[in-house]
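Take a look at the structure set out below.
The values are calculated or read from the model by the stated rules, or taken from the named source; none is laboratory data. Owing to the predicted nature of the structure, the values given are computational and were not obtained by experimental measurement. We place every Cβ from the backbone using ideal geometry, glycine too, and count neighbours over all the protein chains shown. For the accessible areas, the whole protein counts, side chains as well, though only heavy atoms, and no ligand, DNA or RNA atoms are used. Shrake-Rupley method; radii C 1.70, N 1.55, O 1.52, S 1.80 Å.
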Amino acid sequence: MFSNALIFYTFKKTAIMKNYFLALPIFALLFLSSCQEKKTETTIETITESVIDTAQSTLPQETISEEFRIIENSVINKLNNTIAQRKIVSEEEMMQAYSPKEKGAEGNYKYSITKISSGNGKTIVQLLEENLNDDSVKDKKVIMRIIKNKEGKSVVDEIKESYICRLDRGQQDWSATLCQ
């Protein structure tokens, strides 16, 4: 009788151990998936300073998938008046006067201004805003051409914008089409 009890105890202990071995990978998988941190995307931007002859082309050639909406001259004239009144001289401040950084932006919002070319008294400046606090526009790209006027002062000559929309709010690639 003692041997039957020993056999039953050994069998029960073996069955319990098998269940533990099956349960451990499941618990480990659940634990690892719940502890996974929010992933953030890191981009490395390489900027090449180049001279572009803007007599032929107003802005640098973009990829075919990128389209830009041309901003009206009335908006540019108003911006140039603001630049003159505030006595703004830097390209970065000119871009900020046109499209200021979002105040109180949360999350992964990024605001970066880059001088992408310069030559012949003309400068191209790019603003890239990512993860905007907007329910339809996710990212916005602004390209601004700055030239020297007859008095030798820098003025904005041309502005173009491109957008990436949030899911179900429009296009997912750069486009001139406004998001819905």
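Under 16 Å from the 7 Å Cα→Cβ point of Gln172, by amide nitrogen: which residues of segment 102-140?
137-139
Pull up all non-local amide H partners of Val137: gap of 5 or more, or a different chain, and H-to-H distance under 5 Å with H placed in the peptide plane.
Those lying under 5 Å, H to H, from Val137 are Arg166.
From the phi of every residue in segment 81-90, what ³J(HN,Hα) in whole Hz does the Karplus formula 6.51 cos²θ - 1.76 cosθ + 1.60 yield, where θ is phi - 60° and glycine or proline is x?
Each residue's phi maps through the Karplus curve to give 5, 4, 4, 5, 5, 7, 6, 7, 10, 8 Hz.
Between Asn120 and Val75, how many nm apart are label points set 7 Å from Cα along the C-beta direction?
Label at Asn120, label at Val75, 2.5 nm between them.
Over the heavy atoms of Thr123, what accessible area does a 1.4 Å probe trace out, to the nearest 10 Å²?
10
Report the one residue of Tyr98, Gln126, Gln85 whose Cα lies farthest in the direction of the positive end of the charge dipole of segment 73-179 (charges on C-beta: Lys and Arg +1, Asp and Glu -1; origin at the Cα centre).
Gln85
Could you run the Karplus curve 6.51 cos²θ - 1.76 cosθ + 1.60 with θ = phi - 60° over segment 163-180 and give me ³J(HN,Hα) per residue in whole Hz, x for Gly and Pro?
Computed from phi, the couplings for segment 163-180 are 9, 10, 8, 6, 3, 6, 10, x, 5, 9, 10, 4, 7, 7, 5, 5, 6, 8 Hz.
Lys and Arg at +1, Asp and Glu at -1: add these up for the other residues within a Cβ distance under 11 Å of Arg145 and post the number.
-1
May I ask which of Lys78/Lys141; Lys87/Lys110; Lys103/Lys140 have a Cα-Cα span longer than 24 Å here?
Those over the limit are Lys87/Lys110.
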